[in-house]
Every structure is written in C-alpha cells, then in structure tokens.
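Since the structure comes first, as structure tokens, the remarks are kept for the end.
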Amino acid sequence: MGSRKRSVPDRVNVLLIGGGGREHALAWKLKQSKRLGTLWATGTKNPGIAGLARACEEPANKRERFRLQQFCKKEQIGLVVVGPEDVLAEGIGDWLATDETVVFGPTLEGTRIESDKAWAKKMMRAASVATAEGRVFRDAEGAKEYLLTRDEAQVVKASGLAGGKGVFVAGSQEEALAAVDTIMVEGAFGDAGNEIIIEERIKGEEASVFALVDGRNILVLDSCKDHKRLGDGDAGPNTGGMGAFCPTPAVDAKTLDTVQREIIVAIVDAMRRDGIEYRGVLYAGLMLTPGGPKVLEFNARFGDPECQCLVHRIKGDLVELLYATATGRLDTVDCDWDRRAVCCVVLASRGYPEAPEKGAVITGIEAAEAMGGVRVYHAGTRRGTNCGKIKVDGGRVLNVVAQGDSIEAARDRAYAACELIEYEGKILRTDIAEKAMKGAKAV
Ligand code: AMP
Ligand code: GLY
C-alpha cells in the first residue's frame with residue numbers, strides 16, 4: 001500500500017500539512033510545478049498560504065484520521081506533503097498512505113530518528129555514525145549518579161519531541177543536575193522526558209545538511225546554517241531559528257562528501273537493515289569538529305527557516321521531486337539547481353520566545369517583495385477579520401528571503417527588504433550570515 005513504485009502522474013492534487021513559514025515557502029514552490037493540479041493546505045490561517053492554496057478544514061491528527069482519509073479520497077489527493085514533525089510522529093506516513101495517495105514524509109518508525117533520540121543514538125552507534133558520546137537513562141537517580149562522575153561539560157536531552165526546548169547545554173554540573181529534574185522529575189515535556197540522553201558537549205561550528213531519501217536513493221540538497229540564538233553574536237535564549245543562509249562555506253565539498261557517505265548513507269542503510277524504508281527528507285544537524293563532522297541530531301523534516309532558503313536553490317519541479325521521493329523513484333528525476341546564495345532573516349515579535357506581543361499591523365510586505373530577488377514568507381501572521389490588514393500573530397512573524405551572487409549580496413538584499421517592513425515590536429538579528437560572508441562565494 002502506498003509504497004509501490006510508480007511514475008509521477010502528469011497532474012497531481014497536493015495536500016500540504018502545516019501552517020508556518022516553512023510551509024508557505026513549500027506552497028510557493030509547489031505552486032510553480034507544471035504537474036500541480038489543485039493545491040490544498042491545512043494551514044490557510046496563514047495569509048501567505050491562503051493566497052496560494054485552497055483550505056482543507058480537516059484536522060491532521062491520528063484520532064480523527066478518517067476525516068483526512070475521506071478528504072484525500074474525495075479530492076483525489078495524489079501527494080501529501082508533511083511539514084511539521086508532530087504530525088509525522090502521529091504516524092500520518094502510515095495511516096494516510098494508500099494506493100492513490102502517497103505521503104512525502106517517513107512512517108512512524110522512520111520518524112523515530114527525530115522523535116526518539118535514544119533510539120536514534122542506538123542507530124548511530126550501529127551505523128558507526130560520528131556523534132557525541134552519550135548514555136541513555138530512564139530514571140533520574142541513575143542519571144544524576146552518572147553526572148556526578150563526569151568532570152567535563154555535559155548536554156542533557158529529553159528523548160522525545162519537545163518543540164525544540166528539550167536540550168540543555170549545561171554550563172556546570174549543577175545546571176546538568178537541574179536539567180535532569182526539569183525533564184524527569186517536574187516532567188516539563190511530559191512523556192517526551194521519560195527517557196533522557198546525557199552526552200558530552202562537543203565544540204565547533206554548527207551546520208545542517210538536508211537530503212531527500214526515497215528508501216534507497218539519496219539526493220543531498222544543500223548545506224545550511226541556522227542561527228538558533230535570539231540575539232546578535234549568539235547571545236540570549238535558543239529559538240526556533242532567527243535566520244539562515246545556504247550554502248554555508250563551512251561545509252566544503254570534501255566535508256559534504258563525508259557527510260553524505262559516513263552520515264546520511266550510513267544511517268539510511270542502518271535503518272533499512274532494521275526493516276525501515278526511510279522516505280522523505282533527512283535533516284542532519286551537525287557540529288563541525290576538528291575531528292570531522294559529528295551529528296547533534298537527526299530530524300525527519302525540513303528545517304524552519306532553512307527550508308525557506310532551500311526551495312530557492314531548487315530549479316526543478318518540486319511536485320515531481322517530492323512525489324518521486326515518496327515512491328522510491330528519486331533515480332528517475334533530474335533536478336537543476338540555482339547556484340545563487342540565499343539568505344533568510346526572521347522578523348520576530350518583541351517578547352519572543354517567551355511571550356511575544358501580538359496584534360500590531362504590518363506594513364511594507366509588498367514593497368519588500370517588489371525588490372528583485374526577494375520573497376517574504378508568513379510565519380506568525382493573521383489577516384484581521386474586519387480590516388483585512390495583516391497583523392502580528394506569533395513569535396516568528398515573517399521570513400525575508402533574498403538571493404544573490406554571493407552570500408554578501410543575498411544578505412544585503414535581505415536586510416534592505418527587512419527595513420521596508422514595519423510593525424510595532426519588530427525584532428531581528430542584525431548578524432545573519434555575517435561570519436560566513438567575508439570573501440565567501442556561492443558554490
Ligand atoms: P539539538 O536539538 O539536539 O540540535 O540541540 C539543540 C542545540 O543544542 C544544538 O543546535 C546545539 O547548539 C546544542 N547541542 C546539542 N547537543 C550538543 C552537544 N553534544 N554538544 C554541544 N552542543 C550541543
Ligand atoms: N531550524 C531548526 C529546526 O527546524 O529544527
């Protein structure tokens with residue numbers, strides 16, 4: 001069911017799941033496909049997505065799965081593109097896939113590479129994938145005893161999905177012990193914290209590499225650099241990501257080759273040996289250490305905001321590419337690449353990430369997009385019900401994406417566009433891509 005090899009049909013109705021900036025970018029790229037029939041989306045409260053897709057009002061959850069199943073049947077959905085990890089971790093890749101409808105995104109088992117970090121660690125070990133040394137604990141006492149035997153800095157992680165908040169990079173033994181309490185005793189992340197991983201803190205530059213995987217064939221897309229901290233110079237709390245650029249010169253051709261062979265191919269093969277045909281996008285979060293790239297985490301989806309950059313590097317047809325990935329035929333599609341560099345700056349709202357302000361009216365989006373080579377994706381916005389104006393409705397508000405012949409050109413253009421957009425409480429980092437751009441050329 002749903003996994004038989006089949007060629008990409010001439011016309012495909014597509015259902016996109018998710019409602020953030022990542023999905024707006026995917027919708028924009030899907031919309032350009034010559035194979036697209038009707039584009040439907042669950043996330044049309046996002047005004048950007050609403051402008052591109054018809055609204056699917058059915059919920060994407062397992063309990064009411066029959067509703068989405070009926071919808072796909074009625075509207076003859078050929079391809080479902082899943083953005084967020086929580087929906088994948090509900091097994092949508094299993095319960096929505098039929099002979100007629102293929103799902104881009106791994107099955108429940110494959111999604112464990114992101115949703116069960118203890119299992120992912122075990123798979124990495126089995127595949128000899130370089131990663132931080134770590135141990136898994138199911139009880140707080142055992143975890144604390146272990147911590148007391150460690151002198152070097154440790155990182156404490158909830159094993160399950162914790163919305164990007166379950167990782168504690170401890171500055172001291174006390175902080176590490178407190179993290180164990182937060183996760184296991186106070187239960188800050190519910191069942192996601194029933195198991196934890198304690199691992200060595202590794203040093204280096206961070207980067208992400210994305211690959212499409214069709215079970216067997218692998219297409220490495222690009223390397224990206226995310227900026228996870230809220231403030232300039234990597235100060236302040238961790239966020240979902242304040243900006244990204246692509247490709248990152250930190251991942252040179254040799255490193256990319258190592259990542260492909262020793263990390264991506266190795267883990268996909270290990271999963272296959274375990275009976276899992278991984279299909280979808282595989283996101284390797286890496287630390288580039290002096291000893292080579294090491295995996296910090298794998299994710300089973302596109303990064304946000306990295307995806308907003310990646311779609312601009314793909315010149316090919318996204319429906320074709322994602323359909324081929326979901327059906328094990330990646331070897332049959334050709335994809336051209338736009339070699340220009342891409343930079344994405346996130347405009348957030350004052351108070352993000354703890355308590356972002358909402359409600360301010362946003363102006364200047366059209367002016368920003370009127371600049372050549374600029375796209376603005378909606379992340380946390382809403383269209384006002386009475387006035388029809390676009391308003392702030394979340395922490396990460398807009399993603400301003402620009403392309404250029406160098407990272408510097410892309411960055412300058414993105415920041416010039418950011419200046420045209422205004423709302424009360426606008427915040428942004430001013431140093432996205434700054435470290436990389438000195439002398440770096442797009443590759
Ligand atoms: P993760 O969600 O596992 O990528 O972790 C979130 C962030 O925590 C990463 O982007 C890193 O900055 C940091 N981190 C995670 N694991 C480690 C580690 N073993 N050593 C150093 N930093 C880490
Ligand atoms: N940008 C980080 C993530 O998507 O997890």
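Listed values, structure above:
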item	result
Dipole of the chain, positive direction: furthest Cα of Leu310, Phe245, Gln70, with charges on the beta-carbon	Gln70
The range 348-372 and the range 80-128: distance between their alpha carbon centers, rounded to Å	33
Value of Rg to Rh for the range 195-299 (Rh from inverse mean 1/r over Cα pairs, i.e. Kirkwood)	0.99
Span from the the range 130-192 Cα centroid across to the the range 243-267 one, whole angstrom	28
Reachable aspartates and glutamates from Lys117, criterion Cα separation under 12 angstrom, eight or more residues apart if same chain	Glu195, Glu199, Glu297
Potential lengthening between Asp181 and Asp331 on full extension [0.36 nm per residue; Cα-Cα distance subtracted]	49.2 nm
Estimated 222 nm signal from helices in the chain, with DSSP H stretches of n ≥ 4 weighted -39500 (n - 2.57), rounded to 500	-7500 deg cm²/dmol
Positive-end extreme of charge dipole, the chain - chosen from Gly372, Ala436, Ser406 (charges on Cβ)	Gly372
Local net charge near Ala250, Cβ-Cβ under 11 Å (Lys/Arg +1, Asp/Glu -1)	-1
Residues Met371, Met287 arranged by fewest to most Cβ contacts within 10 Å	Met371, Met287
Options Leu26, Thr42, Ala55, ranked by Cα towards positive dipole end of the range 2-69, top entry (Cβ charges)	Leu26
For the range 286-443, size of Cβ-based charge dipole, Lys and Arg +1, Asp and Glu -1, in debye	220
The chain: proportion of alpha-carbon pairs further apart than 42 angstrom, %	10
For Thr327, Thr42, Thr98, order by how many other beta-carbon atoms lie within 10 Å, fewest first	Thr98, Thr327, Thr42
Computed magnitude of the charge dipole of the range 1-91 (debye, nearest 20; Cβ of K, R +1, Cβ of D, E -1)	420
Contact order relative to length of the range 304-378, as percent, for alpha carbon pairs under 8 angstrom and 6 or more apart	27
Two-decimal ratio, the range 1-124, of alpha-carbon radius of gyration to 2.2 N^0.38 Å	1.05
Positive minus negative residues near Leu286 (Lys, Arg vs Asp, Glu; Cβ under 12 Å)	-3
Neighbourhood net charge (13 Å Cβ-Cβ; Lys/Arg +1, Asp/Glu -1) for Tyr146	-4
Sorted by Cβ density within 10 Å, fewest first, the residues Ser115, Ser7, Ser406	Ser7, Ser406, Ser115
Estimated Rh, the range 1-70: Kirkwood, alpha-carbon pairs, angstrom	13.0
Computed magnitude of the charge dipole of the chain (debye, nearest 20; Cβ of K, R +1, Cβ of D, E -1)	1220
Nitroxide proxy distance, nm - points 7 Å out along Cα→Cβ at Glu434 and Ala235	1.0
Per-peptide average of other Cβ atoms within 10 Å, ordering 308-315, 229-236, 384-391, 163-170 highest first	308-315, 163-170, 229-236, 384-391
Sequence-distant aspartates and glutamates (8 or more away, or on other chains) whose Cα lies within less than 12 Å of Lys73	Asp99, Glu100
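Quick note: the coordinates plus some simple rules give every number you see, no bench work behind them. What you see is a predicted model, and the numbers here were worked out from it, not measured in a lab. Using ideal geometry, Cβ is built from the backbone for each residue, glycine included, and neighbour counts are taken over all protein chains shown.
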